[in-house]
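What follows is calculated from the coordinates using simple rules that are stated; it is not laboratory data. Since the model is a prediction, treat every value here as computed from it, not as a measurement. A quick note on method: Cβ atoms are made from the backbone with ideal geometry, for glycine too, and the neighbour counts reach across all protein chains shown.
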Amino acid sequence: MLLLADAPVLRRGLVSMINETAGMQSVGTPGELRRALTLVETARPDAVVVEMGAGRAATLNVVRDLRRRFPRVAVVALATSEDPAVVNEAVAAGVRGYLMLNTSPTLLGWAILAARAGRTVVDPQIRRVEGATAPVAKPLTPEVPLTRREQDVLDELLQGQSNRQIGRNLFISEDTVKSHVKAILRKLGARDRAHAVSLVLSSRGSASCTCGAHAVTAAPAPVEV
């Protein structure tokens, strides 16, 4: 991963977050946007994580250049704005993952994987508005609805919880959690947990998914401290 962030403290935090995520490693953190294209050309990262704050226009120009010159490189933005117009502008520029700065390492990792697979992920903390210029995904509706307990487990998966922690939170055994996860993957047509989460997040134009008898609403990603 190549990391683009203005503040040195944020860059160090992102490097730590990426390097602690299984299967991912930081390959560079240029302090200046204009160095990004050169470093992408030399380091050949699979994805670029960009901070999108006050200098949004300049950042999006770099994103457009990245997408034009390196179309296989996925771009994920960490942003401060929840404005749907800003989200749509970023997606139109080529951003495939739009997350808030307080996102969890797990959600960031899943967003990167989803972006690499060609899907677009928007942080569940953000509510998209109807009539937005970016296409709104259809609600994810499995042919066989999830049971209430499976929906509970899915909520925990969306927050990045492990099987052990899900069992503790829901007062069920870890083996039972594994059985529910298998059922969720089968019903959603997902390859694995990360794919299931990305499918749900990608479908949430209104931050909800009709997976069973009632809508599942994602809890906000926890703030990392």
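So the values come out like this:
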| read-out | value |
| --- | --- |
| Whole-Hz ³J(HN,Hα) from phi, Karplus 6.51 cos²θ - 1.76 cosθ + 1.60, for segment 156-162, glycine and proline x | 5, 4, 5, 9, x, 7, 6 |
| Surrounding net charge for Arg96, when Lys and Arg each add one and Asp and Glu each subtract one, Cβ distance under 10 Å | +3 |
| Segment Ala183-Ala58, extension gain: residue separation times 0.36 nm, minus the distance between their alpha carbons | 40.5 nm |
| Residue order, fewest to most beta carbons within 10 Å, for Met52, Met100 | Met100, Met52 |
| Neighbour-count ranking [beta-carbon atoms within 10 angstrom, fewest first] of Arg148, Arg116 | Arg148, Arg116 |
| Sum of side-chain charges, Arg116 neighbourhood, beta-carbon under 15 Å (Lys, Arg +1; Asp, Glu -1) | +4 |
| Theoretical gain in end-to-end length, Ala43 to Asp83 [0.36 nm per residue, Cα-Cα removed] | 11.1 nm |
| Residue order, fewest to most surrounding Cβ atoms within 10 angstrom, among Arg149, Arg68 | Arg68, Arg149 |
